[in-house]
1. Given the DSSP H assignment, sum -39500 (n - 2.57) over each helix run of at least 4 residues in chain A and divide by its residue total; what's the result at 222 nm in deg cm²/dmol, nearest 500?
2. Can you give me the C-alpha center-to-center distance between the range A:240-257 and the range A:205-228, rounded to a whole angstrom?
3. Per q in 0.10, 0.13 1/Å, what log10 I(q)/I(0) does a Debye calculation on the alpha-carbon atoms of chain A return?
4. Among A:198-211, A:21-34, A:169-182, A:149-162, how do they line up from the highest to the lowest mean number of other beta-carbon atoms within 10 Å?
5. Between the range A:45-101 and the range A:19-34, what is the C-alpha centre distance in whole Å?
Amino acid sequence: MGRLTSGTDAYRDAVSSALIGWGLAGLRELPWRTTSDPWSILVSEVMLQQTSVSRVLPKYADFIGRFPDPAALAAAPLGEALELWRGLGYPRRCRNLRDAATLICDSHGGVVPSTLGALLALPGVGAYTARAVLAFAHRADVAVVDTNVSRVLSRLDNRSMTARELQETADSLVPRGMGWEWNQMIMDLGARICTARGPMCGRCPLAGTCAWRGLGDDPARSSAGASRPQGRFEGSDRQARGRAMRAVSAAGVPRREVVAAMGVEPERAERLIAALVAEGLMVERGDSVAAP
DNA sequence: AAATCGGGGCG
DNA sequence: CGCCCAGATTT
């Protein structure tokens with residue numbers, strides 16, 4: 001039998017049954033998969049934005065333990081949250097999460113909203129994270145499109161896809177009543193089998209319905225959601241910013257010490273510190289710099 | 001559409 | 001050493 005045409009009911013059913021047969025038994029055991037608390041889900045999803053599962057694992061429980069609900073995070077100084085965030089990278093995510101917690105307390109009675117529109121209005125919450133809360137906390141039949149799903153779907157159809165195409169295709173594939181399971185499984189497939197480098201097509205449950213199968217140019221590389229080449233980290237602004245974040249403390253640190261810790265020319269260090277202050281990730285106190 | 005934003009781990 | 005990671009926001 002030939003490969004089924006994408007977009008048809010038969011295609012959807014074939015993909016569904018094959019993936020469900022593969023995935024339900026062997027899902028990775030992850031702490032955010034054993035809760036339906038929307039706040040816990042939201043925290044995990046923000047942590048997982050561009051940060052691998054293995055790096056989030058040791059941080060997640062500590063953060064939830066200290067900030068078990070939006071009110072706890074909203075009430076804490078940002079600097080305290082940033083301490084628990086240290087090592088995850090992209091600290092603006094932590095600031096956004098705290099701003100989101102404040103908005104949740106001020107406008108939603110302290111309860112994480114459960115509509116797509118209200119979730120998208122939270123700072124740091126985009127198309128992926130909003131739907132992840134709906135699917136994983138509320139078991140809604142909406143599809144999440146992360147880097148894994150983008151890769152799997154574009155390879156299945158062997159073509160580069162836009163963000164809109166990916167979302168529409170993903171939504172059309174979710175089996176009714178199985179939003180939670182479906183999204184977890186297709187992400188696991190991308191993380192464990194249909195990987196960015198060295199995909200293991202030989203043990204892929206969807207190989208029979210895949211138009212790519214590892215042959216020829218990888219359509220995932222040019223699809224929306226694919227990782228784009230980055231500049232060198234060594235010597236970058238990002239590295240210097242990271243060093244600055246580690247150098248400051250709640251008590252405050254003399255400016256020159258922070259500049260020295262950053263390992264770049266003083267003029268450049270000062271410019272980066274000014275940006276960090278403007279972003280609310282640190283504050284100036286007289287001649288020193290402190291955690292916010 | 002392209003740039004920016006951390007940091008670590010793996011092939 | 002290059003590439004990638006459960007993205008979002010700004011330009």
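Each reported figure results from applying straightforward, stated rules to the coordinates on display, with no laboratory input. Because the structure is a prediction, the values reported are computed rather than measured. Here the Cβ is made from the backbone with ideal geometry for all residues, glycine too, and neighbour counts use every protein chain on show.
1. The per-residue figure over chain A is -16000 deg cm²/dmol.
2. Cα centroid of the range A:240-257 versus Cα centroid of the range A:205-228: 43 Å apart.
3. -0.62, -0.95
4. A:149-162, A:169-182, A:198-211, A:21-34
5. When both Cα centres are located, 24 Å separates them.
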